[in-house]
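Read the structure below first, then the notes.
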């Protein structure tokens, strides 16, 4: 994370003046600078995260990010940190840490497809009618694999197996992956006896609850953006101390 140096060309003059004031002036200015940079980082997180992830809950990162403010009077030990509040959701915090640095993310075996979302929009939440607690899934993998014929006829066999089960959602799996479909309609041509059906994808299936992700560095980028203005924050904090001393 970015480090604030009080001995840069821009800061050294202010630091010298602050040290000649009351003994609390210099550490107070440094502490306030670090804290302002931390809160600016927290403010940057949602905007930066939106360039890295699909954020369906607009207040998500604002709600879960937290600041641990710098404290004390020893400048060399002052630290202000920004992170995800693990007290609200430990697994979520661990997953976001993996998203930041790269690693394994814990998730679900059923991952919503865009067609399952409101308006079939990738940026929207899953439509309430497609919630897992509202659908009943029939595993038609055995019917699909057991039927001899073309892929289309295998699908017909799987659809008919699903219809026979009395359920409207059909799961097909192959190896470690699969898909849950919504069977929207089934009909038969009276003359040709051909079965016609319509389906849409609801959930992709995987046999593991973890998967690897590359480092996104959304938190580091947020802090780096805030650090660009840290000299200005220090100037503001120093001026506050100067005015404070004049009032005494």
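Taking every C-alpha pair closer than 8 Å and separated by at least 6 residues, the mean separation divided by the residue count of segment 48-172 gives a relative contact order of 15 percent. Computed over the alpha-carbon pairs of segment 152-226, the distance histogram in 10 Å steps reads 15, 33, 19, 13, 11, 7, 2, 0 percent, short to long.
Stokes-Einstein, applied to the Kirkwood radius of segment 110-208 over Cα pairs at a viscosity of 1.002 mPa s and 20 °C, places its translational diffusion at 152 µm² s⁻¹. For segment 13-86, the spherically averaged projection of the C-alpha convex hull amounts to 6.2 nm². What FRET efficiency comes out for residue 71 versus residue 94 if R0 is 22 angstrom and r is the Cβ-Cβ distance? Round to the nearest 0.05. Rounded to the nearest 0.05, the efficiency is 0.25. For the chain, the C-alpha radius of gyration sits at 1.59 times the compact-globule guess of 2.2 N^0.38 Å, with N the residue count. Result for the chain in a Gaussian network model with C-alpha springs under 10 Å: among 24, 15, 71, the largest mean-square fluctuation is at 24. Dividing the summed -39500 (n - 2.57) terms of all DSSP H runs of n ≥ 4 by the residue count of the chain sets its mean residue ellipticity at 222 nm at -13500 deg cm²/dmol.
Between residue 165 and residue 244, full extension at 0.36 nm per residue minus the direct alpha carbon distance yields a gain of 20.7 nm. Our note on the geometry: Cα centres of segment 134-210 and segment 3-33, 68 Å apart. Remark: the residue 23-residue 198 segment gains 55.4 nm on full extension, using 0.36 nm per residue and subtracting the alpha carbon distance. Largest mean-square fluctuation among 173, 198, 124, in a Gaussian network model of the chain whose springs join Cα atoms under 10 Å apart, belongs to 198.
Quick note: the coordinates plus some simple rules give every number you see, no bench work behind them. Computed from a predicted structure; not experimentally measured. Glycine gets a Cβ as well: all are built from the backbone with ideal geometry, and neighbour counts include every protein chain shown.
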